[in-house]
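K.L.:
The structure's right below; bear with me while I get my questions together.
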Amino acid sequence: MIIIDQNISLELVEKSLLGSMLHENYLITDSQVKAEHFTTQVHQTIFNTMQQLANTGKSIDYITLLSSREPLELGGANYVADLKNYANTTKFDQYADIAMANWREQTKQQILAQAQAENWSIQDIQTNLDNLSDTGATVNTSIKADLMLAADRPYEPCSVKKGITTGLDDLDKMTNGFQDGELFILAARPSMGKTDTLDHFAINAGLKGHLPIIISLEMKRETLIDRLIAAVGSINRLNMRDPYTTMSDEQKAKWTQAIGILNTTNIQIDDRPAMTVPQIRASARKLIKQNPDKKPIIFIDYLQIIRGNNPRDNQTQIIGQISWDLKQMAREFNCPVVCLSQLNRSVEQRQDKRPIMSDIRDSGNIEQDADVIAFLYRDEYYSKESEAKNQLEIILAKHRNGPTGTVTAAYVKETGRLLNIDWGAAR
């Protein structure tokens, strides 16, 4: 038994991978795991059998596996049945990395031993070692086909790729909506309306037929749902505590209508606390697989309370790794990832309290990894004499593929609702 670290053996890693695949069949084809990454013939045979069943469109379970091979080839009926006890889909990616890293190390040792025995040239050794980083995916590196497609662009009407709408016209004009593969950081001090803005984005994405996935690390599911109902129904949140006694018949009718509207949005909420990025990725992957006909958009509340993978790192290192992982997740799922972030207290010490990039708490690599960084600011929070009543500034401080600047939305704090500024006062 090969020991990977103090707590995990390679045998258990491989059992967990196979058990997770039995539990969630889509992992068989959606991951980069191959038969050669398993160290035993039994595990390779089990995986190959799973792949054969998956390629023919059949479900993979205890019965179909044992019906496809002689039980002894799979380690026996009890061995196959026991695999599900090791399933851990939230750590699947981590365990897959361990298995592939072990395969690369073993293969490297074999290459070096063969090179020494056969007196290979340095160039041959380097070529073989470089091939280890190739997971088998075919990568098209030539730009010839792309240039052919680009040749006619000056002579054809331009078609701008629209992303998932933000629900705010002025913000959509600047960003073209939330774009696939991009990480959007939305940062603000407390009481600026971060969660309400996230809810607004999720509701509008859902109403347009997309799949909003909310990872709520701070707020419980029930509280978040109440806020969604209040925003859609324009219901004062004070009435949400005891709607039976505090709401009029007219308000109760709004409540029912709001629930009907929310029911069409297909919003998904995972409110487990202290999640890691691999857990968030596993949760999102499962939901995306369950809704293959909908474009996903992932919302996370909020960045600083995502749990890091290495407790020995300091907070800046942890946040830097998390921001990089979130960007990779956006690229992997080819969907927007919108993540809330806290700002440090330095904002409060300045006369102009509009946030700037350096105000992001534990910034790490956030400024580098994010495609868009936006700040929220409400002038009336700091000044009772402010003329900007019920207004929320959304300050685009970084926009990798577009302009920066400020847009203003109407914000009704009592209901948590955001509206276009030109008609917000009427609502």
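The values are calculated or read from the model by the stated rules, or taken from the named source; none is laboratory data. Remember, predicted model here, so these are calculated numbers, not experimental data. In this analysis, Cβ positions are derived from the backbone assuming ideal geometry, glycine residues included, and neighbour counts consider all displayed protein chains.
K.L.:
Taking the stated definitions as given, is Gly181 closer than 27 Å to Leu287 by Cα, in the same structural domain as Met357 (by TED's automatic domain parsing), assigned to a helix (DSSP H, G or I) and touching a residue at least 12 places away in the same chain (Cβ under 8 Å)?
P.N.:
no
K.L.:
Do you know which of the residues in the stretch 131-157 that are at pLDDT below 70 and not in a helix (DSSP H, G or I) is surrounded by the most Cβ atoms within 10 Å (Cβ to Cβ)?
P.N.:
Among residues in the stretch 131-157 that are at pLDDT below 70 and not in a helix (DSSP H, G or I), the one surrounded by the most Cβ atoms within 10 Å (Cβ to Cβ) is Thr135.
K.L.:
Return yes or no: is Ile215 surrounded by 18 or more Cβ atoms within 10 Å (Cβ to Cβ), modelled with pLDDT of 90 or more and outside any helix (DSSP H, G or I)?
P.N.:
yes
Residue-by-condition table, conditions (1) acidic (Asp, Glu); (2) surrounded by 14 or more Cβ atoms within 10 Å (Cβ to Cβ); (3) within 35 Å of the chain's Cα centre (by Cα):
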site	(1), (2), (3)
Ile60	no, yes, yes
Ile63	no, no, yes
Gly75	no, yes, no
Ala81	no, no, yes
Tyr95	no, yes, yes
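K.L.:
I need a count of the residues in the stretch 84-93 that are surrounded by 14 or more Cβ atoms within 10 Å (Cβ to Cβ) and either hydroxyl-bearing (Ser, Thr, Tyr) or over 20 Å from Arg285 (Cβ atoms) (or both). Write out each step before concluding.
P.N.:
First pass over the stretch 84-93, keeping only residues surrounded by 14 or more Cβ atoms within 10 Å (Cβ to Cβ): 84, 86-93.
This time we only want the ones that are either hydroxyl-bearing (Ser, Thr, Tyr) or over 20 Å from Arg285 (Cβ atoms) (or both), so: 86, 89-90.
Selection size over the stretch 84-93: 3.
K.L.:
Now, a different point. Kindly provide the set of residues from the stretch 158-178 that are crowded, with 21+ Cβ neighbours inside 10 Å, assigned to a loop (DSSP other than H, G, I, E, B), of a type outside the set (Gly, Ala, Ser) and touching a residue at least 40 places away in the same chain (Cβ under 8 Å), ordered by number.
P.N.:
Of everything in the stretch 158-178, just one residue is crowded, with 21+ Cβ neighbours inside 10 Å, assigned to a loop (DSSP other than H, G, I, E, B), of a type outside the set (Gly, Ala, Ser) and touching a residue at least 40 places away in the same chain (Cβ under 8 Å), namely Leu168.
K.L.:
Would you check which residues across the stretch 323-362 are surrounded by 13 or more Cβ atoms within 10 Å (Cβ to Cβ) and of a type in the set (D, E, K, R) and list them?
P.N.:
Asp325, Lys327, Arg331, Glu332, Lys353, Arg354, Asp359, Arg361, Asp362
K.L.:
For Asp146, all conditions in the list (1) over 30 Å from Arg307 (Cβ atoms); (2) in contact with a strand residue (DSSP E or B) (Cβ under 9 Å, 6 or more places away or on another chain) hold save one; what is the number of the exception?
P.N.:
Condition not satisfied by Asp146: (2).
K.L.:
Additional query: Which of the following residues is over 18 Å from Ala282 (Cα atoms), at pLDDT below 90 and in a helix (DSSP H, G or I): Ala81, Ala54?
P.N.:
Working: Ala81 fails: at pLDDT below 90.
Just one listed residue meets the conditions, Ala54.
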